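Single-structure report; data block below.
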Amino acid sequence: MSSAWRDTAYLISGVCFILTLKGLSAPRTARMGTVIGSCGAALAVLVSLTTPHLKHLGLIIGAIVVGTAIGLPTARKVRMTAMPQLVALFNGVGGGAAALVAAVEFLRPGKGIEHAASADLAATAFTILVGGVSFSGSMITYAKLQELMTTRPVVLPAGRWVTIGVAAASVLFGILLVPWPSTALMVLLALLALAFGVLFVLPVGGADVPIVISLLNAFTGLTVAASGYVLSNTLLVIAGTLVGASGTLLTRMMAAAMGRPLTGTLFGAFTATAGGAAVSGDGAARPVRTSSPEDVAILLGYARKVVIVPGYGLAVAQAQHTVREVADLLASRGVQVSYGIHPVAGRMPGHMNVLLAEANVPYESLLELDAANSELASADVAVVIGANDVVNPAARQPTGSPISGMPILDVDLAQQVVFCKRSMRPGFAGVENELLYAQNTSLLFGDAKESMAKVLAALKTQ
């Protein structure tokens, strides 16, 4: 294939990626956007495989076959609750792959790295540094989400200064690699980048993990763009820039949704104080009000306006279909039903939107934070299913807890609150929810799917 046709094909692939981002901006067009992006990626791979003088074609095809054999069944069988850690895993692999490509290009025999252009060496150093951070950071994020390690912030002794020192050393070796390129410097840079990625993510925990996933995704995009410069591949530059820019914008939006600057999210554990009391002042267990499915059915049956607030517990129980049936039944009886979606509900950006779309919940029924709060102020009943931190009134108190300052769904303003929970355990951030003890809150204990199925059955008998 001539270079002109190859460049044209890459341009078409780049346009497909841009259309993909446009399609993913709305649920109705998300599926088509995904298809367009997949076609663009397939075209790019096909064109790359037909590049003249391509070496080791057998190894490349073999790697594609192995990767497909691993990735396809993994993506098809993954549970919705495990989707965030799968995203983190795939993202880390992407960043690590880009760093390895840059390193291999750096060490390629006959290239003459001592005579390489300074811009190429700078791009190589950047790719190895950011790609290493993205890889190791994503692996730690995966371990946190998979609960292979504690989900709470991990602060090492003198952790702040160790992190600053490793970061400074990483940047220093990256800079030194440009005037004095050598294999030893490159290896040291890679090791420091991996260490910095671990130290960077360890202090992050609780509700902040989705923001870190988004940020690391942006890092991977920048890494791919830089590796595209190293390889003189325009398509990689385009694709990486798109991912980096969109990931950066999403990270900023999510940080704003958490109500504090990104630096507070990433480094707040170094200065945070304990917050969120777990018991009453005398240390005794605090009483709560419980309800049966029949009680909840009566409450919903006589309501005029109901707002459903989904969370991670709904995803764990796979209760979205049952919840939609309850909402449809209430709507058929004239009850106004909507869903309050917090920007960081679940374990990754858009987690609840995807979950409810899977159950064919109308997109018009999904209300973002401000719109949902307007409805909650006049709602007869708010039904919280598996959410915790995003409805916790403790976020309004300047206690220094992990969720202090985070805008929340004002569930406590509804006349009645039904809280579906498995137990009294706190949420992902580890902060006790004062809403559980409010006078207008009743708890419905049990698996969310089973509980809502019982509520549905009770509604049908009314």
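The values are calculated or read from the model by the stated rules, or taken from the named source; none is laboratory data. Since the structure is predicted, the reported quantities are computational estimates derived from the model, not experimental observations. Here the Cβ positions follow ideal geometry from the backbone for every residue, glycine too, while neighbour counts run over all protein chains shown.
Worth pointing out:
Quick grid of which residues meet (1) within 12 Å of residue 239 (Cβ to Cβ); (2) free of Cβ contacts under 8 Å to residues at least 24 places away in the same chain:
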residue	(1), (2)
4	no, yes
10	yes, no
13	yes, no
21	yes, no
27	no, no
36	no, yes
42	no, yes
48	no, yes
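- Odd one out for residue 114, checked against (1) farther than 24 Å from residue 351 by Cβ; (2) at pLDDT 80 or above: (2)
- Breaking point among (1) at pLDDT below 85; (2) of a type in the set (A, V, I, L, M); (3) outside the structural domain of residue 226 (by TED's automatic domain parsing), for residue 42: (1)
- Residue 141 in the same structural domain as residue 167 (by TED's automatic domain parsing), at pLDDT below 90, outside any helix (DSSP H, G or I) and surrounded by 12 or more Cβ atoms within 10 Å (Cβ to Cβ): no
- For residue 364, the conditions (1) over 17 Å from residue 408 (Cβ atoms); (2) under 16 Å from the mean Cα position of the chain (by Cα) are fulfilled apart from (2).
- Of the helices (runs of 4 or more DSSP H) contained entirely in segment 298-416, those carrying at least 1 residues that are closer than 24 Å to residue 461 by Cα and of a type in the set (Gly, Ala, Ser) fall at 320-332.
- Residues that are more than 32 Å from the chain's Cα centre (by Cα) and either more than 21 Å from residue 38 (Cα to Cα) or modelled with pLDDT of 90 or more (or both) do not occur anywhere in segment 83-102.
- Listed by first and then second residue, the pairs linking a residue in segment 301-322 that is in the same structural domain as residue 450 (by TED's automatic domain parsing) and crowded, with 24+ Cβ neighbours inside 10 Å to a residue that is in a helix (DSSP H, G or I) and among the hydroxyl-bearing types (Ser, Thr, Tyr), with Cβ atoms under 7 Å apart and 6 or more places separating them unless they lie on different chains, are 315/81.
- Residue, modelled with the lowest pLDDT, within segment 233-253, restricted to residues that are assigned to a helix (DSSP H, G or I) and over 20 Å from the mean Cα position of the chain (by Cα): 234
- For segment 411-433, a residue qualifies if it is buried (at least 18 other Cβ atoms within 10 Å of the Cβ) and either basic (Lys, Arg) or over 21 Å from residue 144 (Cα atoms) (or both), and the qualifying residues are 411, 412, 414, 416, 417, 418, 419, 420, 421, 433.
- Number of the condition not met by residue 149 [criteria: (1) closer than 30 Å to residue 395 by Cβ; (2) out of contact with any helix residue (DSSP H, G or I) (no Cβ under 7 Å at 6 or more places or on another chain); (3) among the aliphatic types (A, V, I, L, M)]: (2)
- Across segment 417-454, the qualifying residues are those that are touching a Leu at 6+ places or on another chain (Cβ under 7 Å) and assigned to a helix (DSSP H, G or I), and the one among them that is nearest to residue 388 (Cα to Cα) is 436.
- Test: residue in segment 89-111 that is aromatic (Phe, Trp, Tyr), in the same structural domain as residue 210 (by TED's automatic domain parsing) and under 19 Å from residue 231 (Cα atoms): yes
- Among residues of segment 1-29 being hydrophobic (A, V, I, L, M, F, W, C) and touching a Gly at 6+ places or on another chain (Cβ under 6 Å), the one that is nearest to residue 253 (Cα to Cα) is 24.
- Matching residues in segment 144-165 - criterion: being surrounded by fewer than 18 Cβ atoms within 10 Å (Cβ to Cβ), of a type in the set (A, V, I, L, M) and in a helix (DSSP H, G or I): 162, 164
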